[in-house]
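Asker: Below: one structure in structure tokens.
The values are calculated or read from the model by the stated rules, or taken from the named source; none is laboratory data. If you're wondering where the values come from, they're calculated on a predicted model, not measured in any experiment. Using ideal geometry, Cβ is built from the backbone for each residue, glycine included, and neighbour counts are taken over all protein chains shown.
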Amino acid sequence: MENRILPLLLLIFCVACSSKLDKETYEKYRNSGQEITANVQAVLLSNVGKAIQTGGPEYAVEFCNLEAESIVDSLNGEFDCNISRVSAKNRNPNNALQTEQEKQMWQLFAEQPLADTLVESGNNLIYYKPIRTGMPACLKCHGNTSTDINAATKAKLEELYPDDLATGYQLNDFRGLWKVEFAKAK
């Protein structure tokens with residue numbers, strides 16, 4: 001494991017050293033990333049909680065299939081950035097790791113207990129923050145398929161997400177990354 005961590009840390013170090021970001025800019029965008037992800041997560045959790053109350057976890061799965069992506073997308077304009085979620089164990093195929101940077105960041109966060117980070121990539125600053133299964137309610141859709149997820153929810157997951165990878169989690173497991181892209185101010 002140590003052999004894989006060193007190259008990732010070196011990558012982060014090189015990006016940070018080659019960056020022309022001053023401490024004030026770094027802190028400004030990192031703080032913005034923290035605020036944005038907290039807001040987006042609160043909006044999503046509120047909506048998913050209401051969906052669970054309305055029709056149980058299976059209804060919440062259907063709600064997420066239809067609405068979660070558009071809820072996140074609707075907040076892009078409000079915060080003047082591009083907000084997304086990425087994961088190696090994605091449910092929605094649109095959330096799969098796509099770039100080499102995403103794969104490297106996934107590996108880094110999976111192996112280290114990092115809170116968040118900001119990296120420079122071309123003309124963008126990209127904020128990454130881990131997503132964890134933070135509440136027992138998360139396990140009703142993301143937990144063990146034999147013990148945490150009921151039959152109706154499992155059937156709905158199989159129907160809507162035939163290639164689902166986002167189950168088998170325990171409470172507080174690392175499940176994905178928030179990714180917030182900012183255009184660098186010129």
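Asker: Considering only the range 24-40, how many residues are among the polar types (S, T, N, Q) and either modelled with pLDDT under 95 or out of contact with any strand residue (DSSP E or B) (no Cβ under 8 Å at 6 or more places or on another chain) (or both)? Quick ask: steps written out before the conclusion?
Answerer: Initial filter on the range 24-40 (among the polar types (S, T, N, Q)): 25, 31-32, 34, 37, 39.
Now drop any that are not either modelled with pLDDT under 95 or out of contact with any strand residue (DSSP E or B) (no Cβ under 8 Å at 6 or more places or on another chain) (or both), which leaves 25, 31, 39.
Number of matching residues: 3.
Asker: Out of all the residues in the range 141-157, is one or more in contact with a strand residue (DSSP E or B) (Cβ under 8 Å, 6 or more places away or on another chain), within 18 Å of Gly49 (Cβ to Cβ) and at pLDDT 95 or above?
Answerer: Let us first name the residues in the range 141-157 that are in contact with a strand residue (DSSP E or B) (Cβ under 8 Å, 6 or more places away or on another chain), namely 142.
Still in the running and within 18 Å of Gly49 (Cβ to Cβ): 142.
Remaining after also requiring at pLDDT 95 or above: 142.
Yes, because at least one residue in the range 141-157 is in contact with a strand residue (DSSP E or B) (Cβ under 8 Å, 6 or more places away or on another chain), within 18 Å of Gly49 (Cβ to Cβ) and at pLDDT 95 or above.
Asker: Still on this structure, please answer the following. Kindly provide the set of residues from the range 51-93 that are part of a helix (DSSP H, G or I), small (Gly, Ala, Ser), buried (at least 17 other Cβ atoms within 10 Å of the Cβ) and under 19 Å from the mean Cα position of the chain (by Cα), ordered by number. Write out each step before concluding.
Answerer: Let us first name the residues in the range 51-93 that are part of a helix (DSSP H, G or I), namely 51-79, 93.
Then keep just the ones that are small (Gly, Ala, Ser); that gives 51, 55-56, 60, 68, 70, 74, 77.
Now narrow it down to the ones that are buried (at least 17 other Cβ atoms within 10 Å of the Cβ): 51, 60, 68.
Listed by number, the residues that qualify are Ala60, Ala68.
Asker: Test Leu125 against the stated conditions and say whether it is touching a strand residue (DSSP E or B) at 6+ places or on another chain (Cβ under 6 Å), among the hydrophobic types (A, V, I, L, M, F, W, C) and either surrounded by 15 or more Cβ atoms within 10 Å (Cβ to Cβ) or more than 30 Å from Lys50 (Cα to Cα) (or both).
Answerer: The answer is yes for Leu125.
Asker: Does Arg132 meet the test of being surrounded by 19 or more Cβ atoms within 10 Å (Cβ to Cβ), within 25 Å of Glu27 (Cβ to Cβ), under 12 Å from the mean Cα position of the chain (by Cα) and not hydroxyl-bearing (Ser, Thr, Tyr)?
Answerer: No: the conditions fail for Arg132.
Asker: So, of the residues in the range 29-43 that are of a type outside the set (S, T, N, Q), buried (at least 16 other Cβ atoms within 10 Å of the Cβ) and within 14 Å of Asn76 (Cβ to Cβ), which turns out to be nearest to the chain's Cα centre (by Cα)?
Answerer: Val40
Asker: For Val72, indicate whether it is within 19 Å of Tyr128 (Cα to Cα), touching a residue at least 24 places away in the same chain (Cβ under 8 Å) and touching a strand residue (DSSP E or B) at 6+ places or on another chain (Cβ under 6 Å).
Answerer: Numbers: within 19 Å of Tyr128 (Cα to Cα): yes; touching a residue at least 24 places away in the same chain (Cβ under 8 Å): yes; touching a strand residue (DSSP E or B) at 6+ places or on another chain (Cβ under 6 Å): yes.
When the stated conditions are applied, Val72 passes them.
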